[in-house]
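Report on one structure; see the data block that follows.
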Amino acid sequence: MSGRLREVYVVDAVRTPFGAYGGALSGVRPDDLAAGVLRALLARTPALDPARIDDVFLGNANGAGEENRNVARMAVLLAGLPVTVPGTTVNRLCGSGMEAVIQAARAIAVGDASVAVAGGVESMSRAPWVVPKPERALPAGHQQMYSTTLGWRLVNPRMPAEWTVPLGEGAELVADRYGIGRAEQDEFALACHRKAARAWREGRYDTETVPVEGVDLGRDESIRDNTSAAALARLKPVFREGGTVTAGNSSPLNDGAAALLLTDEDGLRATGREPLARIGASAVTGIEPQYFGAGPVEAVERALKKAGRELTEVDVLELNEAFAAQALACLGQWPGIDPAVVNPRGGALALGHPLGASGARITGAVAHQLAAAGSGTGIAALCIGVGQGLALVLER
């Protein structure tokens, strides 16, 4: 192995429009969603022989349903790639798609791969119910069924109760800790929907979104063009009586997939393309599980320090919005960031948050925005359930 790390390039990035829970993509299996973005990604780079792909890394947060048996490998086969192309599935919950990008980039940087695909997929609509095996054989009584759509289930009784609160209650705790009120959260959510709707109208997503075969879905399904401050204010708190977190200032449940093509210098020449951006530093951090929403704060600061950059130098920040409260909590800890560079085309409150795909979506979004600008520094970051933060710096 060479002592010098190789440069890693993002050649292209695509994603599906994100479907709403029970919506347009709910009839599509997650392994088919993943296969679709792989096919679309490679079709955009016809000069690259798919047999040159050294590995496919896909993030997925569930793994309990139709995406079982290593959805990355299933997607490779379903997409019609050569059987010689391997695949691995990674799980860092909400950060899974970005973790896949980081692992693929690391493999290229150290010389284990020259060309890799990374991304993520989630169908929250199709997440199954599970039934635990009974403690003894042939029980006569009823068995408890658990949904795997989102959040804690089959909790280990040794876990402290304060760590295993619902995600929405965790957002309430973050709002309490950082003094973020209901009006501020609703205002942030309204701005998100307006930015997302405007970005789609202006064609900002045309270069990175690809259709899902057999589905008529022209844009992200959860965007609410007609919402208003008054409409958001009428919504009742969901997780706590007298609380501030509502369905309107929380990210929805979604279905979707995303994929990025990564290469070193040799692989880049084989594509015949100019890269969108270059992969820089990354960082992952841990935090108390109930305050998971503040996880990106330290992760972003560490990643920028590794990259030798300051917050004031960031040209685009894609911060995944699990909840308005948690996004505002993070932004409040970064006084050096220009609000205008934060999620300029809308965030997950409007676009959606299919868990395993979101990290790949925001990474691809940063790369496309840097390419459109011609130069700059970008960062993508997510909070992660059970108390983690993940961040990745890209440059052009």
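The values are calculated or read from the model by the stated rules, or taken from the named source; none is laboratory data. Please read these numbers as outputs of a predicted model, since none were measured by experiment. Cβ atoms come from the backbone with ideal geometry, glycine included; neighbour counts cover every protein chain shown. For accessibility, only protein heavy atoms count, side chains too; no ligands or nucleic acids. Shrake-Rupley method; radii C 1.70, N 1.55, O 1.52, S 1.80 Å.
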**Q.** Condition met for Leu42 (more than 19 Å from the chain's Cα centre (by Cα), touching a residue at least 24 places away in the same chain (Cβ under 8 Å) and more than 15 Å from Arg15 (Cβ to Cβ))
**A.** no
Q | Lone qualifier among Val210, Val215 - being open to solvent by less than 20 Å² (accessible area, probe 1.4 Å) and among the aliphatic types (A, V, I, L, M) | A | Val210
(Q) I'm told Pro335 meets every condition in (1) at pLDDT 95 or above; (2) within 29 Å of Arg198 (Cβ to Cβ); (3) open to solvent by 30 Å² or more (accessible area, probe 1.4 Å); (4) touching a helix residue (DSSP H, G or I) at 6+ places or on another chain (Cβ under 9 Å) except one. Can you identify the failing condition by its number? (A) (1)
**Q.** Residue identified as in contact (Cβ under 8 Å) with a residue 24 or more places away in the chain, of a type outside the set (Asp, Glu) and either loosely packed, with under 13 Cβ neighbours inside 10 Å or assigned to a helix (DSSP H, G or I) (or both) among Arg177, Arg224
**A.** Arg177
**Q.** Leading residue by the ranking (farthest from Glu321 (Cα to Cα)) among those in the stretch 245-293 that are assigned to a strand (DSSP E or B) and of a type in the set (Val, Ile, Thr)
**A.** Thr263
Q: Determine which member of the set Arg69, Arg73, Arg106 is in contact with a Gly (Cβ under 8 Å, 6 or more places away or on another chain) and either in contact (Cβ under 8 Å) with a residue 60 or more places away in the chain or open to solvent by 50 Å² or more (accessible area, probe 1.4 Å) (or both).
A: Arg73
Q | Residue match in the stretch 116-124 (condition: surrounded by 14 or more Cβ atoms within 10 Å (Cβ to Cβ), of a type in the set (Asp, Glu), in contact with a strand residue (DSSP E or B) (Cβ under 8 Å, 6 or more places away or on another chain) and on the phi < 0 side of the Ramachandran plot) | A | yes
Q | Qualifying residue in the stretch 161-173 (condition: out of contact with any Lys or Arg (no Cβ under 7 Å at 6 or more places or on another chain), surrounded by 10 or more Cβ atoms within 10 Å (Cβ to Cβ) and assigned to a strand (DSSP E or B)) | A | no
Q) Restricting to the stretch 186-207, what's the tally of residues that are within 28 Å of His368 (Cα to Cα) and surrounded by 16 or more Cβ atoms within 10 Å (Cβ to Cβ)? A) 15
**Q.** The one condition in (1) open to solvent by less than 40 Å² (accessible area, probe 1.4 Å); (2) among the basic types (Lys, Arg); (3) modelled with pLDDT under 95 that Arg15 fails to fulfil
**A.** (3)
(Q) So, in the stretch 22-58, how many residues would count as being part of a helix (DSSP H, G or I) and either open to solvent by 60 Å² or more (accessible area, probe 1.4 Å) or of a type in the set (Phe, Trp, Tyr) (or both)? (A) 4
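Rundown of residues vs (1) out of contact with any helix residue (DSSP H, G or I) (no Cβ under 7 Å at 6 or more places or on another chain); (2) buried (at least 22 other Cβ atoms within 10 Å of the Cβ); (3) not β-branched (Val, Ile, Thr), yes/no style:
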residue: Arg240; (1), (2), (3): no, no, yes
residue: Thr244; (1), (2), (3): no, yes, no
residue: Asn249; (1), (2), (3): no, yes, yes
residue: Asn254; (1), (2), (3): yes, yes, yes
residue: Ala257; (1), (2), (3): no, yes, yes
residue: Thr263; (1), (2), (3): no, yes, no
residue: Gly272; (1), (2), (3): yes, no, yes
residue: Leu276; (1), (2), (3): no, yes, yes
residue: Gly280; (1), (2), (3): no, no, yes
